[in-house]
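Heads up, the thing below is written out as structure tokens.
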Amino acid sequence: MLIGLQNVTFEFGARVIVEDATWHIQPGDRVGLIGYNGTGKSTLLKVLVGEYLPSKGSVEKSKDTTIGYLHQDLLSFDTSENITEVALSAFERVRQLEKEIETLGYELEADTENEELLIKYTDALHELDVLDGYNIHHKAEEVLHGLGFSNEDLIRPYKEFSGGWRMRVLLAKMILQQPDVLLMDEPTNHLDLPSIEWLEKYLLHYKGSVVIVSHDKFFLNKMVNKIVEVYQQQIHIYSGDYEFYEQEKMIRIDMQQKAFENQQDYIRQQERFIERFKAKASKAAQAQSVQKRLDKIDKIEDVQLERPDLRINFQLDKVPGKVLVSLKDVSKNFSSINIVNHTSAEIDRGDKIALIGANGKGKSTVLRMVAGTESFSGERVWGHNVEESFYAQHQLEALTMTHTILEEMQSCGSKKSDVELRSLMGAFLFGGDDIDKKIRVLSGGEKARVALAKTIVSKANFLILDEPTNHLDMHSVDLLADALNKYEGSIILVSHDRYFISKTANKIWEIVDHQIKEFKGSYQEWVEWNERMAKQEANKVETKPEPKVEPKKEQPKQVDKTPINKDVQKELQRQQKQLQQIEANLNKAKTEKLRIEAAMGDPSIYADKNKFVQLENDYKSIQLQFNNLNQEYETAFEKLMELEAGI
């Protein structure tokens, strides 16, 4: 065991965080520490490192165990040193040795015959070599690059960076320290997708044990081999990843519920016996004996899931036209930083788009361009009947500080009852009397949740969401994803939560070479497509023949060329015909879809129930056909590209 809790009870005032909890962290453990917001995950990490002392029990730690603890409070650290120097401070002993070696070197120059100095100098060099001290700059740069810093950033002062980037520097320092146990509180909150993927790969080869508090299910599923859940003041341990935990927890809950019901049946039977015979002389002693047994029984608790449920019935005031917004030949730059350059894109009715990519590529800027709150060159054309609602951090300024949360929700025009609004705000982590708090007393994260709730219950038919899951726990992310799946309007969102993206998006936008590239499909399909493209590119490089140096006097002859494989040529022609046929069918389906959509705009249709039902069925059928043909077209096109590349 490296560190652990033994029969620990910890309270904040009258509130119990854990009671009689035992948990040991072993070498090789990769633990996901989870629980609903407010259950005490971060508090438990502070108990482990000794910042808080338990009221009962003990925190046990091996004598030589080293601990690294990444938490949000670290942002109070400030320095004028550049970020490379901050990262290099992880190598405390190496930096000390470097200074000692430099000093000893000067002393030896002045006294070359001093044997004692020479031994000290040699020993210091040997220790530096053992600690791999000559490579610390390379290691620091490698980690900082992995977390998204450019070469130019490495010499910039730490104090010039924003909070999210500062946290990355401190994460780099902690990784470089290589502690036996790494405790990480929401490490992915300040990372973009490429940096999260880099961190995953790095930590998978990390020799120490890792404990991670995170609401990123993808991250947990890749990273952990154990889940520790804080639930109802108890610690529950599951040996597996997050998916295993979800399955196992439902089995555990089901077993507990059945055991509770069986015990309740038994108790009722015994109580009926006692009630019936306690006054009867011949049975009174037996009834008393049964009562004593009941008094001693260990009661099984009823299953009470401490989680809100979210039922949002979206009501759109208007149905928009087919195209909601078009960006035509748009360009945007900040001084010398080019975001997009002469690119075009279109958002159609029913699109649920995830705009992804590394930080600094301009995702939020493009989102503001779509919303019309960012200036740019080019043309933005708004569609017919479009009513947008934009959620971003700056929306917090639009909240009325004197309102309570309930009053603020009432003001957004959703026409929902107070009961519905209270249920909704429970899903956004405002339970009980919280909804009567004034906006002005809320934290930044709480204000963000109110602003997000206002955005999604509006009657807008187009939602623009910038990092909507940042202040939500895993269950609330699930609830929001389910709600957006039921939403009949269109969405474009920026998020680093891959689980959330995979649950909501049917299209992916990515900024590549200052162009908006669109992929029609889910996030998982986009990942698989990228992997296929990367493999094809790698195969091309591997099979590329060595260039031949031809004699200058000889001219290349036609007969020297490799003949095209006839079978490949036939397959290519067949694939071209198939693609043309699919394209023709796709055009027919599109024409029919447009005809039905036009018919659905005729008010007289709704007066005849049979016509309306038939038209609705026709629309569902043509929509399914249209989607299937789109998928067939993409598959056939990729196949054609592969064949052409092979010739």
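With respect to L493, is the statement that it is within 29 Å of N221 (Cβ to Cβ), modelled with pLDDT of 85 or more and buried (at least 22 other Cβ atoms within 10 Å of the Cβ) true? It is true that L493 is within 29 Å of N221 (Cβ to Cβ), modelled with pLDDT of 85 or more and buried (at least 22 other Cβ atoms within 10 Å of the Cβ).
For first residues located in segment 580-596 and more than 15 Å from S621 (Cβ to Cβ), partners that are at pLDDT 75 or above and part of a helix (DSSP H, G or I) and lie 6+ apart or on another chain with Cβ distances below 7 Å form the pairs I582/L629; I582/E632; L586/L629. Taken together, I196, I175 contain a single residue that is surrounded by 16 or more Cβ atoms within 10 Å (Cβ to Cβ) and farther than 20 Å from V94 by Cβ, which is I196. Identify all residues within segment 69-94 that are surrounded by 15 or more Cβ atoms within 10 Å (Cβ to Cβ) and assigned to a helix (DSSP H, G or I); write none if there are none. L74, I83, T84, E85, V86, A87, L88, V94 - these are the residues of segment 69-94 that are surrounded by 15 or more Cβ atoms within 10 Å (Cβ to Cβ) and assigned to a helix (DSSP H, G or I).
Scanning segment 259-276 for residues that are under 16 Å from E301 (Cβ atoms) and either touching a residue at least 12 places away in the same chain (Cβ under 8 Å) or in contact with a Leu (Cβ under 7 Å, 6 or more places away or on another chain) (or both) gives A259, F260, Q263, I267.
One residue alone among V211, V169 is β-branched (V, I, T), in a helix (DSSP H, G or I), at pLDDT 90 or above and surrounded by 20 or more Cβ atoms within 10 Å (Cβ to Cβ), and that residue is V169.
Being outside the structural domain of D473 (by TED's automatic domain parsing) and over 24 Å from I17 (Cβ atoms) is not true of I235. Annotation note: of S389, S331, the sole residue that is in the same structural domain as S495 (by TED's automatic domain parsing), at negative phi and either part of a loop (DSSP other than H, G, I, E, B) or out of contact with any His (no Cβ under 6 Å at 6 or more places or on another chain) (or both) is S389. Taking residues in segment 286-298 that are free of Cβ contacts under 8 Å to residues at least 24 places away in the same chain and β-branched (V, I, T), and partners anywhere that are surrounded by 11 or more Cβ atoms within 10 Å (Cβ to Cβ) and assigned to a helix (DSSP H, G or I), the pairs with Cβ atoms closer than 8 Å and at least 6 places apart or on different chains are V290/Q270; V290/F273; V290/I274.
Put simply, of S476, S458, S414, S443 the only residue that is under 30 Å from E518 (Cα atoms) and at pLDDT below 80 is S476.
Condition check ((1) surrounded by fewer than 22 Cβ atoms within 10 Å (Cβ to Cβ); (2) in contact with a Phe, Trp or Tyr (Cβ under 7 Å, 6 or more places away or on another chain); (3) not basic (K, R)) across all residues:
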| position | (1), (2), (3) |
| --- | --- |
| S458 | yes, no, yes |
| I464 | no, yes, yes |
| L480 | no, no, yes |
| A483 | yes, no, yes |
| G489 | no, yes, yes |
| I501 | no, yes, yes |
| N506 | yes, no, yes |
| Q515 | yes, no, yes |
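Among the residues of segment 14-53, those that are closer than 29 Å to G426 by Cα and either in contact with a Pro (Cβ under 6 Å, 6 or more places away or on another chain) or in a helix (DSSP H, G or I) (or both) comprise K41, S42, T43, L44, L45, K46, V47.
The values are calculated or read from the model by the stated rules, or taken from the named source; none is laboratory data. None of the values given here were measured: they were computed from a predicted structure. All Cβ positions, glycine included, derive from the backbone under ideal geometry; neighbour counts span all protein chains shown.
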